[in-house]
Amino acid sequence: DNFLLYSYALKSYMNKHYAQSFLVFGELAEMGYDKALSNSALLLRKYNILKNKNYQRSLYVKYAQSASGIENNNIKDFYTLMLLGDYYYDNKNYTKAIECYKRVANAANIKASSNKENEKDKFYVSHCAFNLGIMIRNGLGTTKNITKAEKMFNIAKKYEDLAKYHVNTLRYYEEIKESFNIKKNEKTI
């Protein structure tokens with residue numbers, strides 16, 4: 001029966017009946033299926049399911065915290081916790097974003113170190129380390145520290161080749177921004 005319900009929820013999702021899919025995944029989550037809980041959180045994050053958007057956001061946070069395991073300090077789903085960090089970052093709750101990113105980066109780093117073939121865990125470490133670097137570099141939710149930010153960027157580059165592009169782009173942006181500030185100040189003298 002549970003397999004049929006799960007299949008039905010997936011079929012509803014594939015047919016773009018997101019609210020229906022959410023309800024079935026929610027029912028399975030109440031039965032204790034962790035993957036259904038993660039899917040419910042992802043549906044709430046990505047699609048307009050409920051009319052009350054504030055309630056949908058609070059429900060998303062509740063489901064994401066449960067699915068990720070952050071509530072009991074036993075991380076079960078790196079992806080859901082990483083997205084929760086992104087959610088907090090987007091909503092300018094930098095302290096909670098840092099907490100999520102640090103937990104994912106630390107746990108995924110341990111897992112990636114023991115299993116060199118696991119590309120997903122490497123991506124999670126890289127994504128979270130890069131975002132932590134940006135936050136530390138700009139003093140978002142923490143004290144501004146260029147040296148620590150560079151360490152985070154180096155960790156990101158270590159685990160993901162694509163992070164090298166993002167770090168270099170960020171550096172070029174900073175150089176251009178600094179160049180414009182210098183030129184702007186020269187005109188006023």
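Data overview
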| item | result |
| --- | --- |
| Residues located in the stretch 26-48, provided they are open to solvent by less than 30 Å² (accessible area, probe 1.4 Å) and touching a Leu at 6+ places or on another chain (Cβ under 7 Å) | LEU28, ALA29, ALA36, LEU44 |
| Options TYR101, TYR63, TYR87; residue that is touching a residue at least 40 places away in the same chain (Cβ under 8 Å), crowded, with 17+ Cβ neighbours inside 10 Å and of a type outside the set (A, V, I, L, M, F, W, C) | TYR87 |
| Search result, residues across the stretch 156-189 that are at pLDDT below 75, among the hydroxyl-bearing types (Ser, Thr, Tyr) and under 29 Å from ALA105 (Cβ atoms) | TYR165, TYR172, TYR173 |
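The values are calculated or read from the model by the stated rules, or taken from the named source; none is laboratory data. Everything numeric here is computed off the predicted structure, so don't read it as measured data. Every residue, glycine among them, receives a Cβ derived from its backbone with ideal geometry; neighbour counts consider all protein chains shown. Ligands, DNA and RNA are stripped out before the accessible areas are found, and what is left, the full protein with its side chains, is counted by its heavy atoms. Shrake-Rupley method; radii C 1.70, N 1.55, O 1.52, S 1.80 Å.
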